[in-house]
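The values are calculated or read from the model by the stated rules, or taken from the named source; none is laboratory data. Quantities reported herein were computed from a predicted structural model and do not represent experimental measurements. Cβ atoms come from the backbone with ideal geometry, glycine included; neighbour counts cover every protein chain shown. Areas reflect the complete protein model, heavy atoms only, side chains present, ligands, DNA and RNA absent. Shrake-Rupley method; radii C 1.70, N 1.55, O 1.52, S 1.80 Å.
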Number of protein chains: 2
Amino acid sequence: MSASLFSTHRPILDAALSAIHDRRFHAQWPEMPSPKIYGDTAQADGEAAFRALLGKRFEGLGEESGTPWHGSEESPYGFPLGITYPAPPVDALLRRAEAARGSWAALSPADRAGLLTEALVASAKQFFPIAYATMHTTGQGFLMAFQASGPHAWDRALEAVALGYEELTRFASAATWEKPVGKAVVTLRKNYRVVGRGTGLVIGCSTFPVWNSFPGIFADLVTGNPVIVKPHPGAVLPLAIAVAELRRVFAAHGAPEDAVQLAVDGESLIAKELAEHPGIAIIDYTGNSAFGEYLERLPGKTVFTEKAGVNAAILDSVDALDPVLENLAFSLSLYSGQMCTTPQNVFIPRAGVRSAEGWVPYEDVVRRLIEKIDGIAGNEKVGPGTFGAVQHPATLERISTAAQLPCRVLRASAPVAQPGFAQARSVSPLLLEVLPGQAEVYQREMFGPIVFIIPTSGTDESLALARDSAARAGAITFALWSVDEDVIARVEDAMMAAGAPVSVNLTGPIWVNQAAAFSDFHVTAGNPAGNASLVNPEFIVRRFFVAGSRRKEKDA
Amino acid sequence: MSASLFSTHRPILDAALSAIHDRRFHAQWPEMPSPKIYGDTAQADGEAAFRALLGKRFEGLGEESGTPWHGSEESPYGFPLGITYPAPPVDALLRRAEAARGSWAALSPADRAGLLTEALVASAKQFFPIAYATMHTTGQGFLMAFQASGPHAWDRALEAVALGYEELTRFASAATWEKPVGKAVVTLRKNYRVVGRGTGLVIGCSTFPVWNSFPGIFADLVTGNPVIVKPHPGAVLPLAIAVAELRRVFAAHGAPEDAVQLAVDGESLIAKELAEHPGIAIIDYTGNSAFGEYLERLPGKTVFTEKAGVNAAILDSVDALDPVLENLAFSLSLYSGQMCTTPQNVFIPRAGVRSAEGWVPYEDVVRRLIEKIDGIAGNEKVGPGTFGAVQHPATLERISTAAQLPCRVLRASAPVAQPGFAQARSVSPLLLEVLPGQAEVYQREMFGPIVFIIPTSGTDESLALARDSAARAGAITFALWSVDEDVIARVEDAMMAAGAPVSVNLTGPIWVNQAAAFSDFHVTAGNPAGNASLVNPEFIVRRFFVAGSRRKEKDA
């Protein structure tokens, strides 16, 4: 079966690899949830499928009789999901993973790559149910939920599968080694075997449960390792649907379904117990820095992290100011700043911003930026979907606390009405003016719709502060607007050295928040924001080792 | 200059890369110290050059006035070297590395690969002086010293340079990214920059100072990182000569000579101070497990280790026994068991070994193995060079302690005369019979010429013990002799899964101790013997990260 899956999907893998190498635009799955692409009833069917899961046991995850069921998800749009999931003990999960390991590892790299591509293609039919599941666990607006937990996540998973296949097959797996020794030749027949490091654990986050978990899941699987997926207790459903689909495809093709399992928190949280279990060899994690650093220090584990960062934007000079501020306002508003890629600190020269219309004073820049945000908040068609809802109540508390900081409030956070969801936890961003000297305020992550506007003595100071913060506190993105080539070159040098990917002069429908599969490495692994970069060779090759066997040919 | 160096050396790099990919035999530098290859006076000149260094300050390492000088090397052949080296404080080394970093990193991957290949080609002229320096610090016999600190080390370094060049240039460094958005297209111009993680530290060992250090040194350099080389205080000279040569070549081509520096221990040992210095980003280490594990746990560092292991050999069945025992006896004798690749535990069925001449009883196998070792020890032409001398007096003490273990002494260790060196610390191997149940005796490393012969109930028990020991205590090599295909397959499965490279049925001039550049991955990184594998992609890619910059093209 598998050999034919590999040939069937070879064009998909080849196109992915070609994009990975040339870094050009590529998308295997269209990002628009359009009826023309996905079918006239796809969205309604998907919502119905999601609704049908509410209040029930989620089945199809290999549950055994006697397994306890747990679940406590609530939609940020204001209702409990009421879904429970099988919650077997950690030892049972590890035992089943170990039992699946042999036959999973015995598949050839081509077999695994073919089967995993098939699993992606087949499970893409669940984009719409997963989108609603994502919306009602993370609080994302529908469009973002569809894209982030659907085509964009699938593309990133395909990237891991394709690069995994390449890494596993990059060197000869057999060789005849002939060494001249004096007038004779010593001949050895050599074989090289890829050995997966062992069962992987992927710990998901509450805001991007699928997008941030899929690369690790597929990287583990393609390199021959079973994987246990432990979602955040607040965002289980999107991964439960995905894992059930993968298991179904594996079983249909005679592969061990326990190569991928779902682990859920029960009475107590199990991430630590799982991570420290001697049966876990590889850990992928997205979440807060404290737990990430604890994981990175676990001895004998291969650990990939994406932790917190403090992203900056620098306004230096522009052609036209409005398109720039529109772009920035949207970046600050999207999913209420709950993206690891959202800018937090916006540095603007106190002397104002040079533009084709002349110098725009600082106060005017700020006023016009606020107007753009107000424009989104006041637009009933665009606003609710842009902001989405706030995933965790603690984020609302953080906004209240931030509003009490010794800073000038430039724009207050205000409730946003989400049509159809009267109880939705949805707000617009808080903007505060912070002085460069108040490093203790802005040089740390303030997760959520909290933006610091920092007036500086000029772009030199903006850059020094942004660079220091990236190097010390981490950064996952960085945005610059400048028409000055020297400034651009200087900023690139400093920020790239500090491990921050740089976006320059974005306007229109492309935002600093976005990282494109096959082209953008998400997180550089070059600063404290994380030690993993999606999807680079290191993300793959640390999951396996190669053992060689060499054998002397009988002398002729 | 550099562009032309890259084109000059492109054939060398291409041949290396081709071997790396197909894993066939390749050697850039001939391994025999033959006058026909290296010149009639090369050996005598090399010895003279070595002798001229004795008792003096070693100059040419960028020493500054006021720098203290230190050195305490003694030849295991029985005389002090009396050489001192400049020993600047750790902070000064780091400051100079940091000062060199910018211009070193600014070289393109091709420039660095070209310059480093030139440095290898030019410094290969020092093979003979380095061979004598190695002989009289490590105790290796001359031939091994020549090969291990000369052509074999240079090949391994070239492997790192070539693979480094490939990894750095594997993905496009620029792209035009065109994303269809509705009927429009968003165009971003993208650039990707390789950023070295920072100054590297390479901590050498006392037995293979050059071979084990060169891959890390050249991997750091090719990926844009300056490197500080900290040899073992007992084996400084071979690396001092090499580092001085590299600095000379860098300077001659306008590159910063401080991209590579030598650090030596003074009044106190400086490895810890260096390793913990915030300026050190990458560490390569060969040595004992305790210090290696301490290094692996240092937060925020990228650490590559080769630590201790317990290597096993299993005798199952043979065609002819004598060639097998000759091969094994040589492996056990070579450099008096001071190789990380030497077998320590030899498992032999108590029922004997099946051979074409019939079953050979266990006692006869052991007796004939001892005869082979005695043959080497008694051969005045071959013996002294094969055994070499014992690097550290503690190894002699370990032999005495081992002889007191509650085990049957099969062969006593005895002094070996080294012609011309009456005071040489040279001995032949101790062979002890240990029972399978005495795990506390043989399941740990006993460094030096100490061999445990373990009679087992059969190959199943041999395999179970060898596999457990590899998985728990680490193993860098493993040797099997068997004519049974089922046994070979079973042993390969178990030992490769435990991270031990497997050598099968070696006879003649090829030994389990040898790992060939371009073909054999030295250490799998799949068991506690080390986390680095020479030279695989992971050994390269963890030394740098990639930061991207993307810029919106002005709308047309």
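Results, tabulated for the structure shown:
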{"quantity": "Average partner coverage of A:481-493, which counts Cβ from other chains inside 10 Å", "calculated": "1"}
{"quantity": "Cα gyration tensor category, rounded, prolate or oblate, for region B:287-446 with a/c compared to 1.5", "calculated": "oblate"}
{"quantity": "Order by protection proxy (mean Cβ within 10 Å, highest first), peptides B:5-15, B:445-455", "calculated": "B:445-455, B:5-15"}
{"quantity": "Distant alpha-carbon pairs in the protein assembly as shown (separation over 43 angstrom), percent", "calculated": "43"}
{"quantity": "Two-decimal Rg to Rh for region A:292-361 - Kirkwood Rh, Cα set", "calculated": "1.22"}
{"quantity": "Region A:457-518: relative contact order as a whole-number percent, Cα under 8 Å and 6+ apart", "calculated": "37"}
{"quantity": "In Å², nearest 10: area of B:VAL360 left accessible to a 1.4 Å probe", "calculated": "10"}
{"quantity": "Principal semi-axes in Å for region B:435-508 [√(5λ), Cα gyration tensor, largest first]", "calculated": "20, 14, 13"}
{"quantity": "Rg(Cα)/(2.2 N^0.38 Å) for region A:458-556, N = residue count", "calculated": "1.60"}
{"quantity": "For residues of B:497-509, the mean tally of beta carbons on other chains within 10 Å", "calculated": "5"}
{"quantity": "Dipole magnitude (debye, nearest 20) for the protein assembly as shown, charges at Cβ of Lys, Arg, Asp, Glu", "calculated": "380"}
{"quantity": "Å² of accessible area per residue within region B:490-548, as computed with a 1.4 Å probe and no ligands counted", "calculated": "19"}
{"quantity": "Region A:200-339: relative contact order as a whole-number percent, Cα under 8 Å and 6+ apart", "calculated": "23"}
{"quantity": "Percent antiparallel among DSSP beta bridges (both partners in region A:423-556, rounded to 5)", "calculated": "25"}
{"quantity": "Region A:347-361 - phi-based ³J(HN,Hα) in whole Hz, Karplus 6.51/-1.76/1.60, Gly and Pro as x", "calculated": "8, 10, x, 4, 6, x, 10, 6, 9, 4, 8, x, 6, 9, x"}
{"quantity": "Calculated from backbone phi, Karplus (6.51, -1.76, 1.60) coupling profile of region A:134-141 in Hz, x at Gly/Pro", "calculated": "5, 3, 8, 10, 8, x, 4, x"}
{"quantity": "Interface residues in region B:292-307 - accessible area drops by 10 Å² or more relative to the isolated chain, probe 1.4 Å", "calculated": "B:ARG297, B:PRO299"}
{"quantity": "Partner lysines for A:LYS301 [C-alpha distance under 25 Å; skip if fewer than 8 residues away on the same chain]", "calculated": "A:LYS230, A:LYS272, B:LYS272, B:LYS301, B:LYS307"}
{"quantity": "Angle in degrees between helix A:109-123 and the longest Cα principal axis of chain A, rounded to the nearest 10", "calculated": "50"}
{"quantity": "Beta bridges by DSSP in the protein assembly as shown, antiparallel share as percent, to the nearest 5", "calculated": "45"}
{"quantity": "Sequence-distant aspartates and glutamates (8 or more away, or on other chains) whose Cα lies within less than 18 Å of A:LYS554", "calculated": "A:GLU178, B:ASP316, B:ASP319, B:ASP322, B:GLU326, B:GLU357, B:ASP484, B:GLU485, B:ASP486"}
{"quantity": "For region B:128-259: accessible area per residue (Å², 1.4 Å)", "calculated": "22"}
{"quantity": "Within-11-Å neighbourhood charge of A:GLN418 [Cβ basis; K, R +1; D, E -1]", "calculated": "0"}
{"quantity": "Whole-Å semi-axes of region A:152-271's equivalent ellipsoid (Cα gyration tensor)", "calculated": "40, 14, 13"}
{"quantity": "Summed residue charge, Cβ within 9 Å of B:SER317's Cβ, Lys/Arg positive, Asp/Glu negative", "calculated": "-2"}
{"quantity": "Stretch gain in nm, segment B:ASP319-B:VAL382, where the contour uses 0.36 nm per residue and the Cα spacing is subtracted", "calculated": "20.0 nm"}
{"quantity": "Most to least packed among B:92-102, A:197-207 [average Cβ atoms within 10 Å]", "calculated": "A:197-207, B:92-102"}
{"quantity": "Under the Karplus curve 6.51 cos²θ - 1.76 cosθ + 1.60, θ = phi - 60°, whole-Hz ³J(HN,Hα) for region B:192-209, x wherever Gly or Pro sits", "calculated": "10, 10, 7, 10, x, 6, x, 4, x, 10, 10, 9, x, 10, 8, 9, 10, x"}
{"quantity": "Extent along principal axes [Cα atoms of region A:222-307; Å; largest to smallest]", "calculated": "40, 28, 23"}
{"quantity": "Taking N as its residue count, the alpha carbon Rg of chain A over 2.2 N^0.38 Å", "calculated": "1.02"}
{"quantity": "Three-way shape label, region B:52-156, alpha-carbon gyration tensor, a/c 1.5", "calculated": "oblate"}
{"quantity": "Nearest-20 debye value, region B:77-155 charge dipole, Cβ charges on Lys, Arg, Asp, Glu", "calculated": "100"}
{"quantity": "Principal axis dimensions, region B:320-403 - Cα atoms, whole angstrom, descending", "calculated": "43, 29, 21"}
{"quantity": "0 to 90° range, to nearest 10: angle between helix A:237-252 axis and chain A longest Cα axis", "calculated": "20"}
{"quantity": "Bridge type composition, chain B - antiparallel percent by DSSP, nearest 5", "calculated": "45"}
{"quantity": "Interface residues, region A:19-36 - accessible area loss of 20 Å² or more versus chain alone, probe 1.4 Å", "calculated": "A:HIS21, A:ASP22, A:ARG23, A:ARG24, A:PHE25, A:GLU31"}
{"quantity": "Range of Cα positions in region B:93-133 per principal axis (Å), largest first", "calculated": "35, 27, 9"}
{"quantity": "Formal net charge of residues neighbouring B:HIS21 (Cβ-Cβ distance under 15 Å; K, R +1; D, E -1)", "calculated": "-3"}
{"quantity": "Percent carbon-and-sulfur accessible area, the protein assembly as shown, ignoring ligands, DNA and RNA, probe 1.4 Å", "calculated": "54"}
{"quantity": "Cβ crowding within 10 Å averaged over residues, with B:146-156, A:269-279 ranked highest first", "calculated": "B:146-156, A:269-279"}
{"quantity": "Chain B, helix-only ellipticity at 222 nm - DSSP H runs n ≥ 4, -39,500 (n - 2.57), divided by all residues, nearest 500", "calculated": "-12500 deg cm²/dmol"}
{"quantity": "Fraction of the pair-distance distribution of region B:28-107 above 22 Å, Cα-Cα pairs, percent", "calculated": "53"}
{"quantity": "Cα-based convex hull, region A:196-353, per residue volume (Å³, whole number)", "calculated": "157"}
{"quantity": "Summed buried accessible surface, chains B and A, 1.4 Å probe, nearest 100 Å²", "calculated": "6200"}
{"quantity": "Heavy-atom surface of region A:346-385, accessible at 1.4 Å and reported per residue (Å²)", "calculated": "51"}
{"quantity": "Ranking by accessible area, most exposed first, for B:ARG368, B:ARG425, A:ARG472 with a 1.4 Å probe", "calculated": "A:ARG472, B:ARG425, B:ARG368"}
{"quantity": "Over region A:69-125 - Rg/Rh using Cα atoms and the Kirkwood inverse-distance radius", "calculated": "1.16"}
{"quantity": "Average other protein chain Cβ within 10 Å of Cβ, residues B:164-176", "calculated": "3"}
